[in-house]
1. Arrange the following residues from fewest to most other Cβ atoms within 10 Å of their Cβ: 14, 161.
2. Considering Cα pairs under 8 angstrom that are at least six residues apart, work out the relative contact order of region 23-166 and quote it in whole percent.
3. Test of understanding: ordering 199, 129 by Cβ neighbours within 10 Å, fewest first, what list do you get?
4. Expressed as a whole number of Å, what is the distance separating the alpha-carbon centroids of region 193-208 and region 135-178?
5. Identify which of 74, 132, 92 has the largest mean-square fluctuation in a Gaussian network model of the chain, with springs joining Cα atoms closer than 10 Å.
6. How long is the gain from residue 145 to residue 208 if the chain were fully straight, where each residue apart is worth 0.36 nm and the alpha carbon distance is subtracted?
7. So between residue 109 and residue 153, what do we pick up on full extension, going 0.36 nm a residue minus the alpha carbon distance?
8. Could you work out which residue, out of 15, 36, 190, moves most in a Gaussian network model of the chain, that is, has the largest mean-square fluctuation with Cα springs under 10 Å?
């Protein structure tokens, strides 16, 4: 059986899932303002393995969120994943954070735009189809009332930016799914398994998270 440990720590949500053949069998997570990832992560891993009834040696790979997101959160998750991969001699799989966030949306048409809060009106965003194909790659941008004006489809926004963005993104085809705020290891399970099946892994020694710090400068609308 292919058991994969999935680790998602790119936002306030510290999340761990054990997946069997791409299906989550155990998931533990908590979203806190204080970013308690360093204290919670290894506890969640140990508890998840115990509940799944497996040991570290039963794992065939470790999957980790590759970013973008919190610098500290990403470092904690990646460091833990690398350490386990080195110790166990198993591959490391990097999963797109924004694709994981988008995977919580179940729609048959339109577009999905996941957004992770940065600061002020800045976000990390991407555009995905309902089947999670990348329409526009991840980028950092400043949200204005002109953002996504060229998109005529129904747009589903997810992430922790709803409160600040819905005041400027007011077109009729814009829908904010405010209940979907953070990426979760639960949705990583199927994504990481697909990568595992085709040996889409990263170099454990040299892999670095995708921090994406630079922002696109825009001119405010007069």
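Just so you know, all these numbers are worked out from the coordinates, no wet-lab data involved. Keep in mind it's a predicted model, so treat the numbers as computed, not measured. Positions of Cβ are backbone-derived with ideal geometry, glycine not excepted, and every protein chain shown enters the neighbour counts.
1. On the way: 14 28, 161 25.
With the fewest neighbours first, 14, 161 line up as 161, 14.
2. 18
3. Working: 199 9, 129 15.
Ordered by Cβ neighbours within 10 Å, fewest first: 199, 129.
4. Using only Cα atoms, the two centres lie 31 Å from each other.
5. 132
6. Numbers: separation 63, 0.36 × 63 = 22.68 nm, distance 3.37 nm.
Here the answer is 19.3 nm.
7. Numbers: separation 44, 0.36 × 44 = 15.84 nm, distance 0.83 nm.
15.0 nm is the gain from fully extending residue 109 to residue 153.
8. Its mean-square fluctuation being the largest, the pick is 36.
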